[in-house]
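Enquirer: Below is one structure. I have some questions about it.
The values are calculated or read from the model by the stated rules, or taken from the named source; none is laboratory data. Being a predicted model, the structure only gives us computed values, none of them experimental. Glycine gets a Cβ as well: all are built from the backbone with ideal geometry, and neighbour counts include every protein chain shown.
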Amino acid sequence: MKLKKILFLVSILGVLLLIAIAQNSGKTFKGEVSSISFSPDKITIRLENFKEKLIIFNEKDLDIKTGDPIEFSGKKEIYKNESQILIDKIVRYSMIE
């Protein structure tokens with residue numbers, strides 16, 4: 001009986017570990033900002049050669065402008081039949097590497 005409980009607990013911990021790994025293994029993308037619009041609760045960014053728009057909620061100090069190269073990661077979703085990416089992380093980077 002004890003062995004079954006231990007195996008059950010190890011199985012549950014393994015599943016939780018896999019879920020945590022899956023949520024933190026997002027891809028990172030790069031692009032150049034073609035337009036950016038600010039509203040009180042969100043920022044919308046469009047990129048050159050990228051069909052989805054990027055959405056950032058509750059960000060006050062975003063130091064990005066049109067023409068800046070950025071690197072970002074986030075979650076893709078559909079809102080009002082339009083594909084968009086909710087940004088988890090966004091940074092401006094230098095194109096000289």
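Enquirer: Would you confirm whether or not segment 21-34 contains a residue that is in contact (Cβ under 8 Å) with a residue 60 or more places away in the chain and under 21 Å from residue 78 (Cβ atoms)?
Expert: Looking for residues that are in contact (Cβ under 8 Å) with a residue 60 or more places away in the chain and under 21 Å from residue 78 (Cβ atoms), one finds at least one in segment 21-34, hence yes.
Enquirer: I've got another one for you. In segment 8-58, which residues are in contact with a Lys or Arg (Cβ under 6 Å, 6 or more places away or on another chain) and of a type in the set (Lys, Arg)?
Expert: Within segment 8-58, 46, 53 qualify.
Enquirer: Can you tell me which residues in segment 39-66 are on the phi > 0 side of the Ramachandran plot and either modelled with pLDDT of 90 or more or under 16 Å from the mean Cα position of the chain (by Cα) (or both)?
Expert: 58
Enquirer: Against the conditions (1) at pLDDT 90 or above; (2) assigned to a strand (DSSP E or B), where does residue 5 fall short? Just the number, please.
Expert: Of everything listed in (1) at pLDDT 90 or above; (2) assigned to a strand (DSSP E or B), residue 5 misses just condition (2).
Enquirer: Which residue pairs have Cβ atoms closer than 7 Å, lie 6 or more positions apart in sequence or on different chains, and pair a first residue in segment 54-77 that is in contact (Cβ under 8 Å) with a residue 60 or more places away in the chain with a second residue that is basic (Lys, Arg)?
Expert: The qualifying pairs do not exist here.
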